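Scroll down for the structure; my scribbles are underneath it.
The values are calculated or read from the model by the stated rules, or taken from the named source; none is laboratory data. These figures come from a predicted structure and were not determined experimentally. Cβ placement follows ideal geometry from the backbone for every residue including glycine, while neighbour counts extend to all protein chains displayed.
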Amino acid sequence: MEDRVFVPDLVLVFSGKRKSGKDYVTAQILDRLGPDVCCVLRLSGPLKQQYAQEHGLDLDQLLGPGLYKEQYRADMIHWGEVRRQQDPGLFCRLATRGAWQPIWVVSDARRLSDLQWFWKEFPQQTQSVRVQSSEETRKQRGWRFTAGVDDAESECGLDCGVEFDWIITNDADAPLLEEQLHPILKLAKEATLSSISDS
Ligand SMILES: Nc1ncnc2c1ncn2[C@@H]1O[C@H](COP(=O)(O)OP(=O)(O)O)[C@@H](O)[C@H]1O
Ligand SMILES: C[C@@](O)(CCOP(=O)(O)OP(=O)(O)O)CC(=O)O
């Protein structure tokens, strides 16, 4: 474990397939809790930054939701895997560096090694959240199966073997997101309150 000065009260580590709604759901949580209390951290942020720099690419477009990033996704996955083999916690460390809010929402865990890093660093605080949507819904949001991406560890690494603390079903016919997020938001509020009363 690293020597830490700052330890968050709660770390919600989200995973889910492409277009399941990870960004959408985590943005809703940020919206409810506010930026003084909560931050959304993306493991893909430092990865894309480094990748863009090395390959002379447009970082803003790589970070955006458009088609640009899809042209590079397979190669970025491979590039990131090589980096992770050398140092499995690299992107987790970089993404969390400097985060000061008491609630961290990590939007994009993809591999067991990502979750393991948070469990090890923040055993008391980490809660895993899976966002799931049907293939039909994901298709309506623009997803198309891509060999080398949708059958790779980046998309399938957390498909089995993890008992998630929370599962959010993000389909039109599922219970309202508002209702599904309620217990998680309650937990976040309780975590900050109990740390205020401890201090
Ligand atoms: N519950 C929802 N209601 C409306 N739009 C949604 C919902 N969930 C996801 N979307 C939309 O679907 C698209 C894909 O969602 P996104 O959060 O980017 O997925 P992911 O981050 O898992 O790839 C985005 O345009 C997003 O706004
Ligand atoms: C190379 C990646 O980090 C690219 C991730 O890009 P996004 O996080 O933008 O992906 P989605 O939100 O699922 O569409 C994947 C990886 O294997 O690390």
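General remarks:
- Options 57, 62; residue that is within 14 Å of ligand 2 (Cβ to nearest atom), over 13 Å from residue 107 (Cα atoms), without any contact (Cβ under 8 Å) to a residue 40 or more places away in the chain and surrounded by fewer than 19 Cβ atoms within 10 Å (Cβ to Cβ): 57
- Enumeration of residues in the range 1-45 that are within 12 Å of ligand 1 (Cβ to nearest atom), closer than 28 Å to residue 196 by Cα and in a strand (DSSP E or B): 14, 40
- Qualifying residue in the range 5-20 (condition: within 12 Å of ligand 2 (Cβ to nearest atom), in contact with a strand residue (DSSP E or B) (Cβ under 9 Å, 6 or more places away or on another chain) and among the acidic types (Asp, Glu)): no
- Filter pass, residue 34 being surrounded by fewer than 19 Cβ atoms within 10 Å (Cβ to Cβ) and on the phi > 0 side of the Ramachandran plot: yes
- Condition check for residue 72: away from ligand 1 (no atom under 16 Å from the Cβ) and either farther than 22 Å from residue 155 by Cβ or assigned to a helix (DSSP H, G or I) (or both): no
- Residues of the range 69-107 that are touching a strand residue (DSSP E or B) at 6+ places or on another chain (Cβ under 9 Å) and either surrounded by 17 or more Cβ atoms within 10 Å (Cβ to Cβ) or small (Gly, Ala, Ser) (or both): 92, 95, 96, 99, 101, 102, 103, 104, 105, 106, 107.
- When every residue of the range 141-161 is checked against the conditions, at least one turns out to be surrounded by 15 or more Cβ atoms within 10 Å (Cβ to Cβ), away from ligand 1 (no atom under 12 Å from the Cβ), charged (D, E, K, R) and modelled with pLDDT under 95.
- Options 93, 73, 18; residue that is among the charged types (D, E, K, R) and over 15 Å from the mean Cα position of the chain (by Cα): 73
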